[in-house]
Every structure is written in C-alpha cells, then in structure tokens.
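Below is one structure, written out as structure tokens, with a few remarks after it.
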Amino acid sequence: MVLRFYYKLLPSRALFHFPFSNFCFLHLIIKSLIFFVLASQVLAINPITIRGNKFFDSITNQQFFIKGVSYQPRGLGTNYIDPLANPEACKRDVKLMKELGLNAIRVYEVDNDKNHDSCMNYFAEAGIYLVLDLATIKSNINRDNPQWSLQLFQNYTATVNAFIKYPNTLAFFAGNEVTNNKSNTEASLFVKAAIRDIKEYIKVNAKEKKGRIIPVGYSSNDDQDVRIPLKEYFNCGNKSEQADFYGVNLYEWCGDSTFETSGYADRTGEFINYNIPVIISEYGCNIASPRKFTEVLSIYGPQMTSVWSGGIVYEWSQEINSYGLVEISKDGSVIKLQDFWNLQEQFSKITVPPNDTLSMDSYTQTNVESSKCPLRSENWKADMELPPTPMKNVCECMVSSLSCVASSKIVDNQILIDEYFGLICGMIECEDINVNVSSSKYGKYSYCNPEDKLSYQFDVYFKHKKKNPLACNFKAPSSDRVSNDDNKKKSDAIVSKNFESFMGVMILL
C-alpha cells in the first residue's frame, strides 16, 4: 500500500522517461520514505505537553490524564535494576499493562549508559508514556547532607540525554521525597536548584539532542507538617526555578474509605488554585490487603479531575514491601495477583480521559498566579537563595591554577578525602568549598568534585605557609598531596622516583 501510494504521486508513464541512473536514485528515495513511514508507525505516539495546570496531547489537543504504575522490578531484593534495558521483560510486561489499561509508567532508576530503544519502542507501541526519576541510589540529593554538585548535575543530564529523544518520555522528576519532614526542609534548596538547572539544560540542548522540551517536576511525600510549604516552595519565586508539575505520593485512602474520610477531599482542596499540573505520583495503601483500589473512581471522577491529572499505582511487581500487582518468578514468568484483578475491575468503571475532558484549543487557565513563597518557621527553614549552577570549566580552571594538589591516589576514596577535609579545615578556613544550609551560603567552589575541593584547600594551606615545600608534604592519615608549581615541573618518571624516595606516599614536583 505504501509503495503504491508513492508511485501514484508520479505523472503517468513518467518512470519510463527517466534515465536509468535517475530511476535508481528515485528508487532509493522511495525505499527511504517507506522505511521512514514504517518506522514512524512503530513510534506513533503523540508527545504530551503542558498548558496552564493541565497535560494535553500535543497532536489531538485532548486533555491527558496519567493512568500509570510504578515499574521497577527488583527480583525480591533491594537493589534497583534498570527495567528499561531489558527488552524481553519489557515485551512481556507491556502486554499485561495494556490489558490493564495503563498509559504510563514511573521508573525510579535507570542506567544512562545502556540502550533503551527496544523497551521505549515497546511502550510507545502500546501507548504508554514514561515518567522518569533522574536520581539513583548512588547519585542523589541526600536529605541529611544535601549538595547540588557537578557530579550530580552531570549524572542527571546524562539521563536526560538518554531519554529526551523518545516521544513517549512524558516528564522527569528531579527529586522524590527529599524533604520528608520538618527536620530536613533545607534539602529542598538543592532540589529546586536541580530543577532550575535541568530545565535550562533541556531548553538549551533539546534541539541538539533531537528531543523536545520535557517538563521537570518534584514528587513529594504527604507529611502533615511540610505538605503545604513544600507545594508552595516548588511553585514560587522565579519561573525558571519553579517545578513544571508537582506530584504527591498519597497513601491516605486505605481499604473501604471515601473521598471525604480518606483525606483526599482535603488534599484536593489544597491544590484548587495551583497553577501547574498536579498528579498523585504514588498511591495504593496496602494496610488492607488485597487492595480494592476504590480510590480510582474518585481520582478519575468529577471530584478530582478538575484539579488532578491522574495518578500512578505503586507498584508493578511484588517485592519485599508487598505492593505488587504481579509476581515475577525466577524463570521470568508472571503471575497476576489479586491486586491486578481488583485494579482492573476499578479501571473498567471509569473513562480516561473523562467524557467532559478539555481541549487545549478551548482551554483558558483562570488560576495563573504562582504560590507565595513559604516564610521561615518552625516547620520550614529553606529560603530562596539557591545553590549556584555547577560549572565544569570553573572547577577545571581552579585546579589548573593550583600549586599543591591532591594526588591521584586519593581520587574516588571518599573515606580518605573526608579524613583530609577534617584535618585541613581544622587548620584553615574552608568557606570557599563549604555549604552552610542554615544560612544558605555557598562557597564559590562548593559544587566541584571532592578531590578538586581538597586540592583547593591544600593549595590554600600551602600559600598560607608561604609556599614552604614542607607545607605540601605533611603526613596525615595518609599523605597524598602533590606540589604542582610550574617552576618545579618534572617528568612523570622523575615524579614517581621522588615520590618513592620521599616518604612512599607523597609526590613532590
């Protein structure tokens, strides 16, 4: 059919008047067009966009509601495995997800070095979108010692680079429950900085990466002390620093509850005037098991659809926390659990999108004002002075200017680096590399990699001691400083020899 279509575009008998070389050229063009059409059929899914506080299909202009599930099979363990780098598992699971009627998955961790084309294509074919967390277990903003570092920025942007090209990448989360109570609200400063920088990175690089502008949001918990200031904080201040959308992990509806008694009515009321999309980024309380999922009728019904843009059930596979819809055996086979059937039953009672859904063409937002920033209080300590944007060239330039630097032996040895920080910062001021979250003061090199910051402090100490060579060679928990004075450069062989002759663990250039 496709081949006949393209030949019909030519005038009658035109092919017979072309020279043979032109005919071959035309034949190649036709083959390329056929391949393009067939390839586009595989990826025939419309990107989702945001207007006001709603999601919309960018092609049909119809309002879009997320009907999703958390997807992170872990094999009954605690280690996260990239589920989008396993084509066989994706092909297996996507069939069941389609049977369930899902249109989205939330994935908490991926390996941005792996190839995800097959899985993303499988999900695209099934009309399933991806909401992806940028953090990983090893690379995240730690609520107890928050930082927005160059290393984190590079890891987050690497994940953006890996997924920005897919039409079914719906959104990114820059954080998940980073602030989870009133004792760690300052951590939200760093998440907000991440949102700012990832949004700007996408804006600048989307075209080059053959992608598009993908929204960046935050997924919050439901702590009663901080739920209000949290939603306000990520929606206030400079527009470039605000979340594009907001998620709430909401587990208030347990068993046979109702919209009013569960707390869903109160949570909905809190977002009536919110000017960006809000979703339930996790739901499915399992205090009563198997779960009945009666909240589905409210989430996708008139009580909530004017405020919320759908939700994501936690979670797909049965793990040690017992939230699974299915159980995945060691041999890769899948068993549907009672939760699967119960959720399917509830989904069968709703229409997504609802019959009274909005059209982007006719939609006019009434609540256009951003939130007012929360004031400092007993429950809220984060202000609006965000950490700086990590800049690789600044760190590299700083290191190249130093005379005394940490040796290569210390790289990636965080325990040793911490020991040296404790030592060196006990002798001289370390304000240029430190962060004071309580006062929102950030050293000019605070985002650089740990070994680079340590090198900077070694050099500060070295200059404080008037460049006495011994100041770059004192023995600490394990001496690993290197003199890098331009006037004393030597070949690597000589350096190695001097290192061995000096004290066995030091390098003096």
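Taking the conditions exactly as written (out of contact with any Ser or Thr (no Cβ under 7 Å at 6 or more places or on another chain), open to solvent by less than 30 Å² (accessible area, probe 1.4 Å), outside any strand (DSSP E or B) and aliphatic (A, V, I, L, M)), does LEU343 satisfy them or not?
Judged against the criteria, LEU343 is a match.
Taking the condition of being closer than 16 Å to ASN168 by Cβ and either touching a strand residue (DSSP E or B) at 6+ places or on another chain (Cβ under 7 Å) or in contact (Cβ under 8 Å) with a residue 40 or more places away in the chain (or both), how many residues in segment 84-96 meet it?
Residues that pass the stated criteria total 2.
Suppose we filter VAL437, VAL405 for residues that are farther than 17 Å from CYS472 by Cβ and in contact (Cβ under 8 Å) with a residue 40 or more places away in the chain; which single one remains?
Exactly one of VAL437, VAL405 is farther than 17 Å from CYS472 by Cβ and in contact (Cβ under 8 Å) with a residue 40 or more places away in the chain, namely VAL437.
So in segment 408-444, with the set limited to residues that are of a type in the set (Val, Ile, Thr), open to solvent by less than 50 Å² (accessible area, probe 1.4 Å) and more than 19 Å from PRO388 (Cβ to Cβ), which one is modelled with the highest pLDDT?
Residue satisfying both the conditions and the ranking: ILE428.
Kindly indicate the residue of segment 62-101 that is of a type in the set (Ser, Thr, Tyr) and outside any strand (DSSP E or B) and also most open to solvent (accessible area, probe 1.4 Å) among those meeting that condition.
THR78
If a residue has to be within 22 Å of PRO215 (Cα to Cα), without any contact (Cβ under 8 Å) to a residue 24 or more places away in the chain and over 15 Å from the mean Cα position of the chain (by Cα) to count, how many in segment 114-146 make the cut?
Qualifying residue count for the region: 1.
Consider VAL226 carefully, then state whether it is modelled with pLDDT of 95 or more, over 16 Å from LEU134 (Cα atoms), open to solvent by less than 60 Å² (accessible area, probe 1.4 Å) and among the β-branched types (Val, Ile, Thr).
So VAL226 fits the description; yes.
Looking at this structure, is TYR129 open to solvent by 10 Å² or more (accessible area, probe 1.4 Å), under 24 Å from ARG51 (Cβ atoms) and in contact with a Leu (Cβ under 6 Å, 6 or more places away or on another chain)?
Yes: the conditions hold for TYR129.
Which condition number does ILE59 fail, the rest of (1) at pLDDT 95 or above; (2) among the β-branched types (Val, Ile, Thr); (3) surrounded by 14 or more Cβ atoms within 10 Å (Cβ to Cβ) being met?
(3)
The values are calculated or read from the model by the stated rules, or taken from the named source; none is laboratory data. Note that the structure is a prediction, hence the values are computed from the model and not measured. Every residue, glycine among them, receives a Cβ derived from its backbone with ideal geometry; neighbour counts consider all protein chains shown. Keep in mind that these areas ignore ligands, DNA and RNA; they rest on the heavy atoms of the full protein, side chains included. Shrake-Rupley method; radii C 1.70, N 1.55, O 1.52, S 1.80 Å.
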